[in-house]
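Just so it is clear, none of the values below were taken in a lab; they were calculated from the coordinates. Just so we're clear, the structure is a prediction, and the values are computed from it rather than from any experiment. FYI the Cβ positions are ideal-geometry reconstructions off the backbone, even for glycines, and counts take in every protein chain you see.
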Amino acid sequence: MIKTGDPKAWIAKAEADFEAAKTLFLSHKKGMPDLVCYHCQQSAEKYLKAYLTYRRIKYPKTHDLEKLLDLVVAFDPLADAIREANRFLNPYSITVRYPGDEVPRSEAKQSLQMLNSIRKLLKDRIG
């Protein structure tokens, strides 16, 4: 069970999603792009929640990366630097979970790159 008041617990979960995305991308011939994108979105969400928890900022129960980033930026305007990456990953909490919404491997690769920018910025700020 995740301790929602502990940023380290959020980071651990975020890293697990990041590792899952990398593993799926690298270990399968086609890269399982849908699952890679989903885990990238999940990791970004958990990093945002880790930052908000670290700063003791209350946030709603949501998967919407835009809403979470708006809360982060209100406290830390320089975090707006990850807005593009955040927007790119935001739809993957839903869109890739159902048949007919498949994405190409190139999009999965781009998702990993976008997640890396989010991870770096937020990890640096959390410490």
Towards the positive end of the charge dipole of the chain, with charges on Cβ (+1 Lys, Arg; -1 Asp, Glu), say which of 69, 24, 12 has the farthest Cα. 12
Would you list the membrane-span-like helices of the chain, meaning whole DSSP H runs whose alpha-carbon atoms span at least 30 Å along their axis and whose mean Kyte-Doolittle value is at least -1.0? 33-54, 105-126
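Relative contact order for the range 7-126 using alpha-carbon pairs under 8 Å, separation at least 6, rounded to a whole percent?
Details: 163 pairs, mean separation 39.6, N = 120.
Once normalised by length, the contact order is 33 percent.
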When Cα Rg over 2.2 N^0.38 Å is calculated directly from the model, which label among (i) 2.54; (ii) 1.09; (iii) 1.00 fits? (iii)
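Most exposed first by the Cβ proxy, i.e. fewest other Cβ within 10 Å, how do 39, 28 rank? Before the final figure, lay out each step's value.
Numbers: 39 27, 28 13.
Fewest to most other Cβ atoms nearby, the residues stand as 28, 39.
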When Lys and Arg each count +1 and Asp and Glu each count -1, what net charge do the other residues less than 15 Å away from residue 42, Cβ to Cβ, add up to? +1
